[in-house]
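This structure is in structure tokens; I'll ask about it shortly.
The values are calculated or read from the model by the stated rules, or taken from the named source; none is laboratory data. Here the structure is a predicted model, which is why all the values come from computation and not from measurement. Heads up, the Cβs are rebuilt from the backbone with ideal geometry, glycines too, and the neighbour counts pull from every protein chain shown. For the accessible areas, the whole protein counts, side chains as well, though only heavy atoms, and no ligand, DNA or RNA atoms are used. Shrake-Rupley method; radii C 1.70, N 1.55, O 1.52, S 1.80 Å.
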Amino acid sequence: MSELATQRCEACRADAPRVTEQELSELMHAIPDWQPLVVNGELQLRREFAFRNFKEALAFTNRLGELAEAEFHHPAILTEWGKVTVSWWTHKIGGLHRNDFIMAARTDELMK
């Protein structure tokens, strides 16, 4: 389990700082399967998870939903036959916060 995956999200306000370029570079080492990308002007983390069928993809989606509710931090989730695409970013700040990296690491743990 990664160090990030053991951490909890902190409450985030609209004036919370986004991760810096240096922090982004350092944090990406902990979640190498995720891709940072800009969507509608906001930096996000995205990863696609592969499954054998829709039933497994949906079960993963439900586990992820429970995790998101427990932390009160919610991703964008696209569930399809054989895959789930997950995007994390902090809506309040329009970009990435350390919480997003924590949740990406915790999402990875759902696959173990």
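Quote the charge dipole size of the chain about the Cα centre in Debye, to the nearest 20; the model charges only the Cβ of Lys and Arg (+1) and of Asp and Glu (-1).
280 debye
Another one. Take the Cβ-Cβ distance between Trp81 and Gln7 as r, set R0 to 41 Å, and report the resulting FRET efficiency rounded to the nearest 0.05. Walk me through the numbers on the way to the answer.
Values: r = 33 Å, r/R0 = 0.81.
It comes out at approximately 0.80.
Note down the accessible area of Thr61, probe 1.4 Å, to the nearest 10 Å².
Around 20 Å² of this residue is reachable by solvent.
I need the trypsin sites (Lys or Arg not before Pro) found in region 1-105, filtered to DSSP loop residues with at most 14 other beta carbons within 10 Å of theirs. Intermediate results must be reported in sequence, preceding the final value.
Values: sites: Arg8, Arg13, Arg18, Arg46, Arg47, Arg52, Lys55, Arg63, Lys83, Lys92, Arg98; in loops: Arg8, Arg13, Arg18, Arg52.
Within region 1-105, the qualifying trypsin sites (Lys or Arg not before Pro) (loop, at most 14 other Cβ atoms within 10 Å) are Arg8, Arg13, Arg52.
Here's a follow-up. Please list, or write none, the lysines whose alpha carbon is within less than 21 Å of the alpha carbon of Lys112, excluding same-chain residues fewer than 8 places away.
Reachable lysines: Lys55, Lys83.
Once the Cα atoms of helix 54-71 and of the chain are each reduced to a long axis, what angle between those two axes, in degrees from 0 to 90 to the nearest 10, is obtained?
30 degrees
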